[in-house]
1. Per DSSP H run of n ≥ 4, the term is -39500 (n - 2.57); total these for the chain, divide by its residue number, and report the mean residue ellipticity at 222 nm rounded to 500 deg cm²/dmol.
2. On the principal axes of its Cα set, how long, how wide and how thick is the range 266-307? Give whole Å, largest value first.
3. Within the chain, what's the longest stretch lacking GluC sites (Glu not before Pro) that sit in DSSP loops with no more than 12 other Cβ atoms inside 10 Å?
4. With r defined as the distance between the Cβ atoms of R181 and A357 and R0 fixed at 51 Å, what FRET efficiency is calculated, to the nearest 0.05?
5. Per residue, how much accessible area does the chain show when a 1.4 Å probe rolls over the protein heavy atoms, in square angstrom?
6. List residues of the range 261-298, by number, whose backbone nitrogen lies under 18 Å from a label position 7 Å along Cα→C-beta of A248.
7. For the chain, what is the charge dipole size about the Cα centre, in debye to the nearest 20, if Lys and Arg each add +1 at the Cβ and Asp and Glu each add -1 at the Cβ?
8. Using a basic spin-label model with each label point 7 Å from the Cα along Cα→Cβ, how many nm lie between A111 and V283?
Amino acid sequence: MPRPVEALIHTEALAHNLARARAAAPDAKVWAVVKANAYGHGIEQAYAGLKGADGFALLDLREAERIRALGWRGPVLLLEGCFDARDLELCSRLNLWHTVHHEAQIDWLAAHKTHAPHHVFLKMNSGMNRLGFRPAAFAAAWRRLSGLTQVESIALMTHLSDADGSRGVAQQLAVFDEATRDLPGERTLANSAATLRFAPTVEKVRGDWVRPGIMVYGSSPDFPENGIADWDLRPTMSLRAQLIATQALKAGEQVGYGGRFTAERDMMLGVVACGYADGYPRVVPDGTPVLIGEARTRLVGRVSMDMITIDLTPAPDARPGSVATLWGVSPGGTVLPIDEIAQAAGTVGYELMCALAPRVPTRAV
Ligand SMILES: *Cc1c(COP(=O)(O)O)cnc(C)c1O
């Protein structure tokens with residue numbers, strides 16, 4: 001028998017969450033962002049749930065090839081554009097749309113030979129200071145691109161740095177709006193946080209395309225202010241493993257490396273076949289929630305490479321073979337949001353799902 005740990009990918013939940021993005025921005029088209037192997041879900045495993053999107057956005061050319069290999073004929077957007085001139089050949093061959101965020105990418109395009117002109121997304125740095133042309137240089141970049149026979153259309157794009165935070169989107173929106181006022185073309189600004197928090201009320205945030213990622217994967221972009229239940233999102237990845245042993249602890253006995261946890265009273269302990277080599281974060285403290293069957297319990301003792309140890313007090317019938325859910329949904333439908341584990345680890349849901357280890361098999365259900 002293979003080691004009893006797996007990640008289930010919930011097809012209906014992906015479709016549901018995608019529909020939530022659509023409902024938040026009903027007149028916009030939706031890029032399902034599937035970079036980082038669909039946020040760790042596996043592009044192939046997530047595809048059935050996401051194929052109702054208007055397009056797929058990602059940044060690794062190998063991943064773009066995988067989307068095409070699945071039979072997707074609609075739009076595919078490279079969010080960082082080409083990394084060198086030769087990448088344009090793959091764009092032409094697979095009809096990939098690509099972001100243009102610096103001058104060299106325009107030079108490569110100007111020198112590229114193609115019979116099929118490209119759809120490009122011209123990116124503005126409206127304040128995040130990562131990728132894109134400064135507002136003052138944006139129109140000139142647009143004019144250069146629009147003069148190229150290699151270019152079929154130019155959409156206008158920016159990325160918001162604080163849609164989930166206190167600064168919100170007003171400042172960047174104003175900068176983008178002002179610098180694009182006289183330019184034609186579709187517009188796209190919104191990630192998940194902007195889609196949920198601003199797109200329903202601010203038309204300019206909706207634009208022509210929204211670009212939700214994390215919300216589609218059942219993690220709240222503004223946790224803990226709002227959790228997935230508040231946004232009506234469902235977990236799309238359930239990390240589950242079986243108990244492989246139990247121990248009867250006496251009061252005062254300690255558990256695991258360093259003996260971090262000491263039993264307060266006599267108790268049953270469960271050993272679960274999932275550890276940091278599976279992508280479960282090593283840094284989480286005692287008390288981090290875990291589901292055993294349908295019962296919510298706590299992690300006790302340090303996370304090991306291949307195992308964690310949990311308090312079986314709320315689940316007296318638990319035996320080797322019982323199913324523990326580390327995040328996601330239990331077999332009976334109890335939800336443990338990945339955001340709670342991420343918070344305990346001092347990080348965000350994004351990092352945990354992306355860090356699911358390759359040794360954990362993923363299975364679409
Ligand atoms: C990753 C990414 C997104 C999606 O962001 P989420 O916060 O996961 O919704 C949108 N746009 C760009 C350019 C990105 O890189």
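1. Roughly -7500 deg cm²/dmol at 222 nm, from the helical runs in the chain.
2. Dimensions of the range 266-307 along the principal axes of its Cα atoms: 27, 20, 14 Å.
3. Here the longest run is 1-224.
4. Working: r = 48 Å, r/R0 = 0.94.
Efficiency for this residue pair is about 0.60.
5. In whole numbers, the chain has 43 Å² accessible per residue.
6. 263-271
7. Dipole magnitude for the chain comes out near 500 debye.
8. 4.3
The values are calculated or read from the model by the stated rules, or taken from the named source; none is laboratory data. Note that the coordinates shown come from a computational prediction; the quantities given were computed from them, not determined experimentally. Note that we place each Cβ from the backbone using ideal geometry, even for glycine, and neighbour counts take in every protein chain shown. Each accessible area value is taken on the protein alone, full model and side chains, heavy atoms only, with ligands, DNA and RNA left out. Shrake-Rupley method; radii C 1.70, N 1.55, O 1.52, S 1.80 Å.
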